[in-house]
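The values are calculated or read from the model by the stated rules, or taken from the named source; none is laboratory data. In this text the structure is predicted, and so the values were computed from the model without any measurement. Please note: Cβ atoms are built from the backbone with ideal geometry, for glycine as well, and neighbour counts cover all protein chains shown.
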Amino acid sequence: MEKENTRTLVLDRPNEKQRLFLLDRHRYIAFGGARGGGKSWAVRVKAALLAYRYPGIKIMIVRKTYPELRANHINPMKQLLGDLAAYKETTKEFSFPNGSVIMFRHCQTEADLDKYQGTETDVLFIDEATQFTEEQFDRFKACVRGVNDFPKRVYLTCNPGGVGHSFVKRLFVDRQYKENEDPAQFSFIRSLVTDNTALMREDPEYIKQLEALPPKLKKAWLEGDWNIFEGQFFEEFRDLPEHYADRRFTHVIAPFEVPETWSVVRSFDFGFAKPFSCDWWAIDHDGRAYLILQLYGCAGAPNEGVKWHPDRIFSEISRMELEHRWLKNRRVTGVADPSIWDASRGEAIIECADRHGVYFGKGDNRRLPGWMQCHYRLSFDEEGFPMAYFFNTCRHAVRTLPLLQFSKTDPEDLDTAQEDHFADSFRYFCMSRPMAPQRATPPLPTGDDPLNQRGAQRYRSFSY
Ligand SMILES: Nc1ncnc2c1ncn2[C@@H]1O[C@H](COP(=O)(O)OP(=O)(O)OP(=O)(O)O)[C@@H](O)[C@H]1O
Ligand SMILES: [Mg+2]
């Protein structure tokens, strides 16, 4: 509880990590490093306390988008302050009777940043700092100046992931400094959801949602692990020759004759200068998929010898389906990269496929649910059986899947600069036959940031 004249600011009690944050006096203070650790709360409370403690101080709170700013800060701040400060919508500022000001700013584009060039503030809060690049951070930092005795500080809150992951990790987690940076100015207070005693008490379900995330995201958001971008994207992928015999705990198996009663699905990812991947999946009566055949090549790469022009690709697909003993006399259904319907650069690739009698349905291109479906298929049940196997003759599948690495900026996606064509085709296939997780792994959230919606729903909003 803080008092100023007769007006009273009523505050909830900070938890231990928030207390450390509120007391910290470094020039650069980062807080959090995981989801739900009480970061946004700490920002609002610290800003209000500074406004009270230093009459006339200027404080700026920054977040990437205006809706996030309004939901996470402006509205809760109105509730917190009541009539203790006046909010002006046009300037997005709270003015206190003692002359202090809290300004709210969002920055989605470089043009937004240009607008703040001349702004001066004594204290700057950057909520979700990993959403900003280091250059944007530097430009914001430059606003912290003023000829007065007020403290000059920059507070950051952060989660692993985002375009700013590397610079936040360097400054606050790895503590690697450039010549012009003084290590003594930087402080990091780690706060996990388990430190947020208020939330743990009010909404014990929330931690379960974090626990149910896929492994990397869980490490990042629940455990505050900043090394999430290292390592294999399909870390569950196993190629264990010694287990061929019983097909347990491996994804790669020796080919076998495909029973006539199994259906076959063809998935296709097209690339012009990059390889295409056409993949035939046999599906057994339990819905388990087996990659039985693969046609893989490059349509337009120069100096590659024979090029796979679309006509050649589809005539070869058509030939295989007429002649190969696992494909002929079966109804093969197809699912493909939706971009092959694009006719903006001349004839759409799909028209070429049609001419050869190779038909496809449009694949579902959503990446995050798609990768989740791939993970579900690859995960082993309690006895060690996955829902997707790969014949060891499909060498481009078996070669590329384990090579794929995480994106450097998005903990839920893979780095698309790699040879991900088979993975994309696998994703379209999985999305065409979505399955429930093998074990009790709940689905992943979709949307920009489903955990960041306000209200009671906010911590219960994981769904497709
Ligand atoms: N000391 C506290 N007393 C009461 N409630 C609190 C306290 N700290 C945090 N909370 C509440 O816990 C919830 C999560 O806190 P907050 O939004 O600050 O977390 P966050 O780290 O910003 O989360 P996210 O990672 O989703 O952005 C909110 O409902 C918030 O009001
Ligand atoms: Mg927050």
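Taken over segment 121-139, the residue count meeting the criterion of being crowded, with 24+ Cβ neighbours inside 10 Å and more than 16 Å from F172 (Cβ to Cβ) is 1.
For segment 57-67, the condition of being within 19 Å of P14 (Cβ to Cβ), surrounded by 20 or more Cβ atoms within 10 Å (Cβ to Cβ) and modelled with pLDDT of 95 or more holds for at least one residue. Checked against the criterion of being at pLDDT below 95 and in contact with a Leu (Cβ under 9 Å, 6 or more places away or on another chain), the candidates Q108, Q136, Q117, Q79 yield just one match: Q136.
Residue under question is A111, and the condition is that it be small (G, A, S), surrounded by 13 or more Cβ atoms within 10 Å (Cβ to Cβ) and in the same structural domain as H73 (by TED's automatic domain parsing); does it hold?
Working: small (G, A, S): yes; surrounded by 13 or more Cβ atoms within 10 Å (Cβ to Cβ): no; in the same structural domain as H73 (by TED's automatic domain parsing): yes.
For A111, the condition - small (G, A, S), surrounded by 13 or more Cβ atoms within 10 Å (Cβ to Cβ) and in the same structural domain as H73 (by TED's automatic domain parsing) - is not met.
Take residues that are small (G, A, S) and either touching a residue at least 60 places away in the same chain (Cβ under 8 Å) or within 13 Å of ligand 2 (Cβ to nearest atom) (or both) and tell me which of the helices (runs of 4 or more DSSP H) falling wholly in segment 1-78 contain 2 or more.
Numbers: elements: 16-23, 39-53, 66-69.
In segment 1-78, 39-53 are the helices (runs of 4 or more DSSP H) which contain 2 or more residues that are small (G, A, S) and either touching a residue at least 60 places away in the same chain (Cβ under 8 Å) or within 13 Å of ligand 2 (Cβ to nearest atom) (or both).
Suppose the filter is away from ligand 2 (no atom under 16 Å from the Cβ) and either of a type outside the set (G, A, S) or part of a loop (DSSP other than H, G, I, E, B) (or both); does L81 pass it? Before the answer, list the steps.
Values: away from ligand 2 (no atom under 16 Å from the Cβ): yes; either of a type outside the set (G, A, S) or part of a loop (DSSP other than H, G, I, E, B) (or both): yes.
Judged against the criteria, L81 is a match.
For segment 28-45, the tally of residues that are of a type in the set (D, E, K, R), at pLDDT 95 or above and buried (at least 24 other Cβ atoms within 10 Å of the Cβ) stands at 1. Residues that are within 14 Å of ligand 2 (Cβ to nearest atom) and either surrounded by fewer than 16 Cβ atoms within 10 Å (Cβ to Cβ) or not assigned by TED's automatic domain parsing to the domain that holds V43 (or both) within segment 191-220 comprise just one, A198. Has segment 293-316 got any residue that is β-branched (V, I, T), in the same structural domain as T250 (by TED's automatic domain parsing) and surrounded by fewer than 18 Cβ atoms within 10 Å (Cβ to Cβ)? Yes: one or more hits. Assessment of segment 88-107 against the conditions (in a helix (DSSP H, G or I) and not β-branched (V, I, T)) yields no matching residue.
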